[in-house]
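Below is one structure, written out as structure tokens; comments come after it.
The values are calculated or read from the model by the stated rules, or taken from the named source; none is laboratory data. Computed from a predicted model, the values in this text were never measured in an experiment. Reconstructed Cβ throughout: ideal geometry from the backbone, glycine too, with neighbour counts over all protein chains shown.
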Amino acid sequence: MTTAGLVDGFGRRHTDLRISVTDRCNLRCTYCMPLEVQFKPREELLRFEEIARVTRVAAGLGVRTIRLTGGEPLLRRDLAELVRQLVAVPGIEEVALTTNGLLLAEQAADLRDAGLARLNVSLDSLTAAGFERLARRPGLDRVLAGLEAARSVGFPTIRLNAVSIRGLTEPDVVPLARFCRRHGFHLRFIEFMPLDAEAAWDRGQVLSGAEVRGILEREIGPLVADAGTDPGQPALDYHWSDGGRVGFINPVTRPFCDRCDRVRLTADGQLRNCLFSTVEWDVRGLLRSAVDDARIAAVIRECVAAKRAAHGIDTPAFERPERAMYQIGG
Ligand code: SAM
Ligand code: SF4
């Protein structure tokens, strides 16, 4: 198979594949899902062997890292088995997971044994009321137990992701930072993006990374930018000189499209070249007909080649994708 790699029309090389394994979730975060939701029938979701096949083909095209996401990926039965299969794919250097953490206490040891390298846990508030206001279901205690379990089974770096929404999440900024400093978790704040199922997003609700950083510097102390941050990473990372790290992912106020190296596979087998893509490439249909790997490779290439220069959230021409975050995979 060719080694030219997945390079798009703007010279961006794609080495990261984000795979959603389900659209189901045990929370109903306001910024992601609707309260009432109709999930995809099981037979429309890719089976593990289908996901592994796409991963093998993508690895042959230069993909090196995989992130499993959803919906809530820990709701997918035997997820550790999928991790095991993906870790074994030649060329894949790292398999990571993004989870809401509710089922992590039960699964952390199996995931670690299966070879999962990295863990991102999403947590927006450390108070039960704050958690439920955003997640619209209880679960804070289980997330905290999950974090503890993840630590105890030896995950080296555990990241916490928190979404920043003006008028809602400001009171959680400092407690989250203090908690992560105390426990050695790496905290990242993510700007609210127009991917909520209820389409309530408006630009005024975006609490920018710069504003969150201002709150942290005022309340805790000056932040120093990390030297040599990986240019492929979207986050701006900082540390306090007396310990603790914090990062900011600012897709709205500081888009990182020029460095994007990601391609996405939805749980129902559609390839997307951007979170905000309005077009999808069907691989499930190919996987379920008798095509060879070269045909699947051609579709992955086609998807990457069609990538736009930027998502343009902050421009008048911006068009919201039809699918919300839980249906794409964040
Ligand atoms: N359920 C898992 C979780 O919550 O971590 C994985 C899927 S979730 C869609 C992945 C990430 O996307 C989470 O960190 C979540 O906070 C983030 N997210 C969801 N909707 C978002 C939005 N509209 N803007 C910014 N981040 C969002
Ligand atoms: Fe579920 Fe994650 Fe979406 Fe929250 S952000 S509703 S936990 S998929």
Those residues of the range 162-178 that are within 16 Å of ligand 2 (Cβ to nearest atom) and part of a loop (DSSP other than H, G, I, E, B) come to a total of 2
With closer than 30 Å to ALA200 by Cβ, touching a Leu at 6+ places or on another chain (Cβ under 9 Å) and either of a type outside the set (Lys, Arg) or away from ligand 1 (no atom under 11 Å from the Cβ) (or both) as the only criterion, which of LEU82, LEU35, LEU74 stands out? LEU74
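Condition check ((1) buried (at least 17 other Cβ atoms within 10 Å of the Cβ); (2) within 30 Å of ARG76 (Cβ to Cβ); (3) within 20 Å of the chain's Cα centre (by Cα); (4) at pLDDT 95 or above) across all residues:
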{"position": "ASP172", "(1), (2), (3), (4)": "yes, yes, no, yes"}
{"position": "VAL206", "(1), (2), (3), (4)": "yes, no, yes, yes"}
{"position": "SER241", "(1), (2), (3), (4)": "no, no, no, no"}
{"position": "CYS260", "(1), (2), (3), (4)": "yes, yes, yes, no"}
Scanning the range 290-330 for residues that are among the acidic types (Asp, Glu) and at pLDDT 95 or above, the one farthest from ligand 1 (Cβ to nearest atom) turns out to be ASP292
What's the total number of residues in the range 127-140 that are surrounded by 19 or more Cβ atoms within 10 Å (Cβ to Cβ) and hydrophobic (A, V, I, L, M, F, W, C)? 4
A careful count of residues in the range 31-55 that are buried (at least 21 other Cβ atoms within 10 Å of the Cβ), part of a loop (DSSP other than H, G, I, E, B) and more than 16 Å from the chain's Cα centre (by Cα) gives 2
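Considering GLN327, GLN270, which residue is crowded, with 21+ Cβ neighbours inside 10 Å, closer than 21 Å to SER20 by Cβ and within 16 Å of ligand 2 (Cβ to nearest atom)?
Only one candidate qualifies: GLN327.
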Looking at the range 1-16, is at least one residue crowded, with 23+ Cβ neighbours inside 10 Å and either of a type in the set (Lys, Arg) or outside any loop (DSSP other than H, G, I, E, B) (or both)? yes
Using beta carbons and a limit of 7 Å, which pairs, at least six apart or on different chains, have the first residue in the range 269-281 and among the aromatic types (Phe, Trp, Tyr) and the second one outside any loop (DSSP other than H, G, I, E, B)? TRP281/GLN270; TRP281/LEU271; TRP281/VAL299; TRP281/GLU302; TRP281/CYS303
For ARG77, only one of the following conditions fails: (1) in a loop (DSSP other than H, G, I, E, B); (2) charged (D, E, K, R); (3) within 13 Å of ligand 2 (Cβ to nearest atom). What is its number? (3)
Right, GLY228: out of contact with any His (no Cβ under 8 Å at 6 or more places or on another chain) and within 15 Å of ligand 1 (Cβ to nearest atom) or not? no
Picking from PHE185, PHE179, the residue that is surrounded by fewer than 20 Cβ atoms within 10 Å (Cβ to Cβ) and aromatic (Phe, Trp, Tyr) would be PHE179
Could you please give the count of residues in the range 60-88 that are over 19 Å from the mean Cα position of the chain (by Cα), surrounded by fewer than 21 Cβ atoms within 10 Å (Cβ to Cβ) and closer than 23 Å to HIS14 by Cβ? 4
Can you name the residue in the range 17-28 that is within 13 Å of GLN327 (Cβ to Cβ) and in a loop (DSSP other than H, G, I, E, B) and, of all such residues, is farthest from ligand 2 (Cβ to nearest atom)? VAL21
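Can you say whether ALA129 is within 30 Å of GLU170 (Cα to Cα), assigned to a helix (DSSP H, G or I), away from ligand 1 (no atom under 15 Å from the Cβ) and without any contact (Cβ under 8 Å) to a residue 40 or more places away in the chain, as far as the supplied structure shows?
Yes, satisfied.
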(1) away from ligand 1 (no atom under 16 Å from the Cβ); (2) under 21 Å from THR22 (Cβ atoms): which one isn't true of LEU134, the others all being true? (1)
Give all pairs with beta carbons closer than 7 Å in which a residue from the range 41-56 that is under 17 Å from GLN327 (Cα atoms) meets a residue that is assigned to a helix (DSSP H, G or I); count only pairs at least 6 apart in sequence or on separate chains. LEU46/ARG284; ILE51/LEU82
Within the range 141-154, residues hydrophobic (A, V, I, L, M, F, W, C) and either part of a strand (DSSP E or B) or buried (at least 20 other Cβ atoms within 10 Å of the Cβ) (or both) come out as VAL143, LEU147, ALA150
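Residue by residue, here is whether (1) in a helix (DSSP H, G or I); (2) closer than 18 Å to ALA267 by Cβ holds:
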{"site": "GLY62", "(1), (2)": "no, no"}
{"site": "VAL89", "(1), (2)": "no, no"}
{"site": "VAL95", "(1), (2)": "no, yes"}
{"site": "THR98", "(1), (2)": "no, yes"}
{"site": "LEU111", "(1), (2)": "yes, no"}
{"site": "LEU116", "(1), (2)": "no, no"}
{"site": "LEU119", "(1), (2)": "no, no"}
